[in-house]
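Report on one structure; see the data block that follows.
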Amino acid sequence: MTLKSLLSIIFAGLLSALYVCLRIYRTPHQKKLTEYQMTRLLALAEKSLESLDVPVGALLIYHDEIIGEGCNTVLRESDAGGHAEINALSDAIERLGMEQFLSLDRTSLYLVTTFEPCLMCTGAFLNYNIKQIYFLKAKDFIYLAKGGARFIRYYFRRGKMTHNGEQDSLFERHPHYPQRKIRTGAPE
């Protein structure tokens, strides 16, 4: 690979990451919470402090009703994915069920958090098509730039293992995957 092609890939990756960030966080206006919603949001952040977790609270709101809530539980539950935003998303799915959650009108669904979400949480928003994200405190540019650099480093260091179609056979047994054409490097 030439230096020019490597720089082109890095530049394309940076532009893609920037586009995703702008798409996720593009909001037409400031979101105004009800007094109850703001009180609940801050109470969740306070709850995180009990276990010395980072004090972040999050609410998933649909048609101005709270359908999911969460606080950071990384230390409390020894759970790497225990971020407030992920916990709010999981709470909503548990309350509504996956099918009903996925059928919600995304224009009326938004997440509010006390602190700007990390890359992991942003990935969950993309995966579940949550387009409106609001936060009280933004992360600084240096943190965001380091996250983008980590993503590019991951992309170039990831490794594909050889296989004999084991994952494909698992997908084929799943009720929703046979309709999809899954392209892999497995022998035909």
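The values are calculated or read from the model by the stated rules, or taken from the named source; none is laboratory data. Note that the structure is a prediction, hence the values are computed from the model and not measured. Note that we place each Cβ from the backbone using ideal geometry, even for glycine, and neighbour counts take in every protein chain shown. Only protein heavy atoms, including side chains, enter the accessible area calculation; ligands, DNA and RNA are left aside. Shrake-Rupley method; radii C 1.70, N 1.55, O 1.52, S 1.80 Å.
A few notes on this one:
- As for segment 159-174, it holds no residue that is in contact (Cβ under 8 Å) with a residue 24 or more places away in the chain, surrounded by 11 or more Cβ atoms within 10 Å (Cβ to Cβ) and not in a loop (DSSP other than H, G, I, E, B).
- Scanning segment 122-146 for residues that are free of Cβ contacts under 8 Å to residues at least 60 places away in the same chain, in a helix (DSSP H, G or I) and crowded, with 17+ Cβ neighbours inside 10 Å gives a single hit, Ala124.
- Test set (1) open to solvent by 60 Å² or more (accessible area, probe 1.4 Å); (2) more than 19 Å from the chain's Cα centre (by Cα) - Thr107 fails condition number: (2)
- Qualifying position, being modelled with pLDDT under 95, more than 30 Å from His176 (Cα to Cα) and either surrounded by fewer than 21 Cβ atoms within 10 Å (Cβ to Cβ) or under 13 Å from the mean Cα position of the chain (by Cα) (or both), among Leu42, Leu119, Leu33: Leu33
- The condition of being among the acidic types (Asp, Glu) and more than 24 Å from Lys32 (Cα to Cα) holds for only one of Glu77, Glu116, Glu85, that being Glu77.
- Members of segment 68-99 that are surrounded by fewer than 23 Cβ atoms within 10 Å (Cβ to Cβ), assigned to a loop (DSSP other than H, G, I, E, B) and not polar (S, T, N, Q): Val74, Leu75, Arg76, Glu77, Asp79, Ala80, Gly81, Gly82, Gly97
- Checking the stated criteria, Val20 turns out not to satisfy the condition of being modelled with pLDDT of 95 or more, under 21 Å from the mean Cα position of the chain (by Cα) and surrounded by 11 or more Cβ atoms within 10 Å (Cβ to Cβ).
- Hits in segment 121-135 (condition: of a type in the set (Phe, Trp, Tyr) and touching an Asp or Glu at 6+ places or on another chain (Cβ under 9 Å)): Phe125, Phe135
- So Tyr154, is it among the hydroxyl-bearing types (Ser, Thr, Tyr) and closer than 26 Å to Thr39 by Cα: no
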